[in-house]
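The values are calculated or read from the model by the stated rules, or taken from the named source; none is laboratory data. Not measured: the values here are computed from a predicted model. With ideal geometry, Cβ positions are generated from the backbone for all residues, glycine too; neighbour counts draw on all protein chains shown. Protein only, heavy atoms only, side chains kept; ligands, DNA and RNA dropped before computing areas. Shrake-Rupley method; radii C 1.70, N 1.55, O 1.52, S 1.80 Å.
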Amino acid sequence: MDIFLIVLGAILTNNILLTTFLGICPFIGVSGEYASASGMGMAVIFVLTMTLPANWLIKHFVLDPVGVGYLSLIVYIVTIAFLVQIVEMFMKRFLPALYNSLGIFLPLITVNCAILGGVLFAIATWNLGFLESVAYGFGGGVGWALAIILMAAIRERLRFAPIPEGLKGPGIALIIAGLMAMSFVGFSGMINIRDFGG
Amino acid sequence: MAAEVKTAVLSTVQQASAPAIPVAQRLPQTKGWKELVRDIWDDNPTFRMILAMCPTMGATNMAINGMAQGLATLIATVASSVTVAALRTIIPAEVRLPAYMIIIAFWVTIVDIFLRAYLPPLSAALGPYVPLIITNCFVLGRAEAFASQNSPGLSALDALGVGLGFTMSLTLLGIVRELLGFGSLFGIQLFSGWTPWVIMIIPAGAFLVVGLYVGIVKHFSPGGQIGGGA
């Protein structure tokens, strides 16, 4: 039950993009087209679900017992880069169809702050348990994907709208994101992931 | 080199107070100066390039938070760029990106530990946005695009320009959001009986203010590069 609530909370109440501002640069840059937005969304779900448990295990079985918590940032980012590389090689070899649709988005994921940010929120700030971290990783990825896909759909509709010259492109995208964030405020208070932390 | 950087800062501050003649024409036309000015305004990381959006929104609910986040990023960017420039002949081209990531993570760790030790309330207010400087695209961007091909001194100026431009943008955003959201400025209450604009404090306000700023900057100086990347 807790797991289900965390997944739901990560999608709606603690949406990684609209409430904690993680992964906005690709959200603005890649949301112009529906196809690339959904590709990027899938890549984030995949990588976040993998890196969160991996970094959880590293923190609780390597960094904490050895007492080198101050190295955590360096270790997390190297783990993320390493896992992204492995995922890319694995997909290229065994899932070529998926690789062709995600291919160009995977390397970009390493510098996507949604990944490192999700890891920091779940492991450092909220101190979630292992299964909770897996749930938050998956839910956070789905929430991010939902936001970018909604955004891409709205931007496709806006293509022929009379937008003031200065606001075309990133400006209007940010304002739409603001309106989306406002509507997500309606969910706030239902579930708070902080309560599941230790 | 330290003296060079210091005069750069002083000069920029003096120029900013006399806006009649365009800043770019008043500065001496050496390569370092040109890099500095270009990075502060023409390639402003926030309003022009739409980079490093997470801290731009997450850490600007108060002016002091925005300024602190900007300065932390400035220190990390300058230190990383100088390190990358100093090691540019040693790092093999094939593994340069992982090497840059580790250098940046190292400096960000130092900034984070320093803030936690000496300014704990500020560190708590900024939360994970200081560690997230690692994934600020422009820190890696300056290392890859500039520091990997230039001397440490020139790279320091280049990083300083980006850092100052970023600090300026974040402080401006923080000022607007704090003024409307709390009726105060840098923690000092300016209006008594101010009805807070709750929207300015919550995430939605961050998106709206940044969006309007981007639109205003583009409207008044349409040239330059408007980007948006990973």
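For the range B:207-219, filtering for residues that are crowded, with 22+ Cβ neighbours inside 10 Å and more than 7 Å from chain A (Cβ to nearest Cβ) leaves 1. So, in the range B:40-80, how many residues would count as being open to solvent by less than 40 Å² (accessible area, probe 1.4 Å), hydrophobic (A, V, I, L, M, F, W, C) and part of a helix (DSSP H, G or I)? Total satisfying the criteria: 11. Does the range A:151-169 include one or more residues that are within 30 Å of A:His60 (Cα to Cα) and of a type in the set (A, V, I, L, M, F, W, C)? Checked against the condition, which is being within 30 Å of A:His60 (Cα to Cα) and of a type in the set (A, V, I, L, M, F, W, C), the range A:151-169 yields no hits at all. Residues in the range A:15-36 that are farther than 20 Å from B:Thr56 by Cβ and in contact with a Phe, Trp or Tyr (Cβ under 9 Å, 6 or more places away or on another chain): A:Ser36 only.
In summary, helices (runs of 4 or more DSSP H) completely within the range A:1-69 and bearing 1 or more residues that are within 11 Å of chain B (Cβ to nearest Cβ) and surrounded by 16 or more Cβ atoms within 10 Å (Cβ to Cβ) occur at A:24-29, A:34-58. Number of residues in the range B:169-211 that are within 28 Å of B:Leu51 (Cβ to Cβ) and of a type in the set (Ser, Thr, Tyr) equals 2. Is it the case that some residue within the range B:221-230 is open to solvent by less than 20 Å² (accessible area, probe 1.4 Å) and either out of contact with any Cys (no Cβ under 7 Å at 6 or more places or on another chain) or within 27 Å of A:Pro107 (Cβ to Cβ) (or both)? Taking every residue of the range B:221-230 in turn, none turns out to be open to solvent by less than 20 Å² (accessible area, probe 1.4 Å) and either out of contact with any Cys (no Cβ under 7 Å at 6 or more places or on another chain) or within 27 Å of A:Pro107 (Cβ to Cβ) (or both). The set of residues from the range A:173-193 being farther than 26 Å from A:Val7 by Cβ and at the interface with chain B (Cβ under 7 Å from one of its Cβ atoms) comprises A:Leu174, A:Ile175.
Residues in the range A:62-91 that are of a type in the set (Val, Ile, Thr), at pLDDT below 85 and over 15 Å from A:Leu108 (Cα atoms): A:Val68 alone. Checking each residue in the range A:92-134 for being over 22 Å from A:Ile24 (Cα atoms), open to solvent by 30 Å² or more (accessible area, probe 1.4 Å) and at pLDDT 80 or above picks out A:Lys92, A:Arg93, A:Phe94, A:Pro96, A:Asn127, A:Phe130, A:Leu131, A:Glu132, A:Val134. Pairs are defined by a Cβ separation below 6 Å, a sequence spacing of at least 6 or placement on different chains, a first member in the range B:95-119 that is more than 10 Å from chain A (Cβ to nearest Cβ), and a second member that is assigned to a helix (DSSP H, G or I) and open to solvent by 70 Å² or more (accessible area, probe 1.4 Å); the pairs so defined are B:Val111/B:Ile75. Pairing residues of the range A:6-30 that are on the phi > 0 side of the Ramachandran plot with residues that are part of a helix (DSSP H, G or I) and not acidic (Asp, Glu), at Cβ distances under 6 Å and at least 6 apart in sequence or on separate chains, gives A:Phe21/B:Cys54; A:Phe21/B:Met57; A:Phe21/B:Gly58; A:Gly23/A:Cys113; A:Gly23/A:Ala114; A:Gly23/A:Trp144. Is one or more of the residues making up the range B:168-178 under 30 Å from B:Leu87 (Cα atoms), open to solvent by 10 Å² or more (accessible area, probe 1.4 Å) and either touching a Ser or Thr at 6+ places or on another chain (Cβ under 6 Å) or touching a residue at least 12 places away in the same chain (Cβ under 8 Å) (or both)? Within the range B:168-178 (the criterion being under 30 Å from B:Leu87 (Cα atoms), open to solvent by 10 Å² or more (accessible area, probe 1.4 Å) and either touching a Ser or Thr at 6+ places or on another chain (Cβ under 6 Å) or touching a residue at least 12 places away in the same chain (Cβ under 8 Å) (or both)), the answer is yes, since at least one residue qualifies.
Taking the range A:147-198 as the range and being of a type in the set (Lys, Arg) and part of a helix (DSSP H, G or I) as the test, the residues that pass are A:Arg155, A:Arg157, A:Arg159, A:Arg194.
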